[in-house]
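> Here you go, one structure.
The values are calculated or read from the model by the stated rules, or taken from the named source; none is laboratory data. Worth saying up front: this structure is predicted, and the values here are computed from it rather than measured. All Cβ positions, even for glycine, are placed from backbone atoms using ideal geometry, and neighbour counts span all protein chains on display. What goes into the accessible areas is simple: the full protein's heavy atoms, side chains included, and nothing from ligands, DNA or RNA. Shrake-Rupley method; radii C 1.70, N 1.55, O 1.52, S 1.80 Å.
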Amino acid sequence: MRVFSGIQPTGQLHIGNYLGAIRQWLELQEKEECIFCIVDLHAITIPYNFREFQDIVLKKAIEYLACGIDPEKSIIFIQSDVKEHTELAWLLGTVCPIGDLNRMTQFKDKSKRFKNSINAGLFNYPVLMASDILLYQTDLVPVGKDQGQHVELTRSIARKFNKKFGKTFKIPKLLLPKMGAKIMSLQEPKKKMSKSALSSCLFLLDEPKVIREKIMKATTDSGKKILYNPKRKPGISNLLTIYSLFSGKSIKELEKKFENKGYGDFKKSLAKVLIKSLEPIRRKRKELLNREVYIKEILKKGAKRAQVLASSTIKEAKNNMGLT
Ligand code: ATP
Ligand code: LTN
């Protein structure tokens, strides 16, 4: 199976990104052919600091490697290093109805957030994402739940293209984690944990003291019991999900463990688990920060390997469309 996924090099990685996307990647790289992409061309669709951008992208690559992405097992590269991504995006744009793009909830959200810079790139964002995925004849796309609509659109674009020009692309499948596909905000547990709401996030690189503070301050629900019930107890249920995924203990086990304990004890214990689980990532990142040349080498090698695959698909797509 070929696996493809991407993450934007904007903002810091939070535990939602980790549990929704990266953790699946780590499992998949042990048994499948994985391609991971730092999607810098997607990131520039909202205002960004172009003077610092190269450095930000490199630091993001370091974070992924620190999380455990292994360049010996997976291809990791920067999107703009493989020009076929933008080339195929143009071709796919000619078969994608604008009505479909108008329906994308991420576009609607971002248009509200960045009222003064609603550019064509932001509108076409999902077409570039379809291009990322289809270029590699991808079987599986492991992402969090919020990206489901984009993957569905990718499937629809591929089907339309194949119908019009003959079979060119594999139809990829969305892969959501069984648990953790939508980690909720620590402050407003009915909303998704998102980089755009800083206080809602627990970042992978937060210091132990900050982790403790954020968890102790996390919104809980009325009542006293540690029970999983996302409708009636969204705060505690979200924390139970996080606890379970980082500790490997099932929700049932955790409910039992904290049967006669209060929210305070539960949160203290969760903070401990998080500090212990995230410490190796912080340590590895520190080590890698001194190895810029090595990281750049990995990314260049990754781009070369990706390009071999991408160029074969683009050739076929152009040929089938009657282009040279
Ligand atoms: P934003 O805050 O702008 O929405 P983001 O936090 O969603 O950004 P992305 O780079 O867009 O970050 O997402 C990277 C990956 O993490 C995607 O696969 C996405 O589905 C996943 N993801 C993001 N937030 C969550 C979350 N709260 N729970 C689970 N998965 C998530
Ligand atoms: N839109 C995605 C990032 C992304 C992606 C991809 C994910 C860009 N191209 C291809 C999977 C496959 C997001 O997480 N915001």
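> If you stretched the chain out fully between K261 and V293, how much longer would it get, using 0.36 nm times the residue separation minus the C-alpha to C-alpha distance? Walk me through the intermediate numbers first.
On the way: separation 32, 0.36 × 32 = 11.52 nm, distance 5.02 nm.
Value of the extension gain: 6.5 nm.
> Using a simple spin-label model with points 7 Å from Cα along the Cα→Cβ vector, what separation in nm is obtained for F114 and K249?
4.2
> Counting Lys and Arg as +1 and Asp and Glu as -1, each charge on the Cβ, what is the dipole of region 27-79 about the Cα centre in debye, to the nearest 20?
For this selection, approximately 240 debye.
> Please list, in chain and number order, the residues 5+ apart from I78 or on another chain whose amide H is under 5 Å from its amide H, with Hs placed from the backbone.
Amide H to amide H, under 5 Å and 5 or more residues apart or across chains, I78 pairs with I38, A303.
> Also, I was wondering about something else. What is the percent carbon and sulfur in the accessible area of the chain, measuring with a 1.4 Å probe over the protein chains and ignoring ligands?
Within the chain, the accessible surface is 54 percent carbon and sulfur.
> Taking the convex hull of the alpha carbon atoms in the chain, what volume per residue do you get, in Å³?
With only Cα atoms used, the chain gives 140 Å³ per residue.
> What number in nm² do you get for region 8-76 if you take the convex hull of its Cα atoms and divide its surface by four? Intermediate results must be reported in sequence, preceding the final value.
On the way: hull surface 18.8 nm².
With every direction weighted equally, the projected area is 4.7 nm².
> Same structure, new question: For a Förster distance of 30 Å, can you work out the FRET efficiency between the beta-carbons of K167 and K304, rounded to the nearest 0.05?
E(calc), rounded to 0.05, equals 0.60.
> Separate question: What number do you get for region 220-324 when its Cα radius of gyration is normalised by 2.2 N^0.38 Å, N = residues?
1.85
> Can you compute the charge dipole magnitude of the chain about its Cα centre, using +1 on each Lys and Arg Cβ and -1 on each Asp and Glu Cβ, nothing else charged? Give it in debye, rounded to the nearest 20.
Details: 60 positive and 33 negative charges, 219 e Å.
Rounded to the nearest 20 debye, it is 1060 debye.
> On a C-alpha basis, how far is the centre of region 151-180 from the centre of region 103-135 in Å? Whole number, if you could?
18
> Taking the Cβ of D139 as the centre, find all other residues whose Cβ is under 13 Å away and add up their charges (Lys, Arg: +1; Asp, Glu: -1).
Summing Lys/Arg as +1 and Asp/Glu as -1 gives +3.
> Per residue, how much accessible area does region 125-256 show when a 1.4 Å probe rolls over the protein heavy atoms, in square angstrom?
Computed with neighbouring chains in place, this is 48 Å² per residue.
> Where Rh is the Kirkwood radius over the Cα pairs of region 11-157, the temperature 10 °C and the viscosity 1.306 mPa s, what D in µm²/s does Stokes-Einstein return?
Numbers: Rh = 16.2 Å.
Stokes-Einstein gives a translational diffusion coefficient of 98 µm²/s.
> Could you tell me what percent of the DSSP beta bridges with both partners in the chain are antiparallel, to the nearest 5?
15
> Using a Gaussian network model of the chain with C-alpha springs under 10 Å, which one of Q24, Q79, Q54 is most mobile by mean-square fluctuation?
Of Q24, Q79, Q54, the most mobile in the Gaussian network model is Q54.
> Here are some pairs, K209/K256; K190/K268; K209/K284; which of them have Cα atoms lying more than 26 Å apart in this structure?
Over 26 Å Cα-Cα: K209/K256.
> Can you give me the P(r) profile for region 131-218? Cα pairs, bins 10 angstrom wide beginning at 0, each as a whole percent.
Reading upward from the zero bin: 16, 33, 23, 18, 9, 2.
> Now, a different point. Could you report region 1-77's accessible area per residue, 1.4 Å probe, as an integer in Å²?
I get 38 Å² per residue for region 1-77.
> Still on this structure: Give the range of the longest stretch in the chain that excludes all GluC sites (Glu not before Pro) found in loop regions by DSSP and having at most 12 other beta-carbon atoms within 10 Å.
Values: sites that count: E30, E52, E72, E259.
Here the longest segment lacking exposed loop sites spans 73-258.
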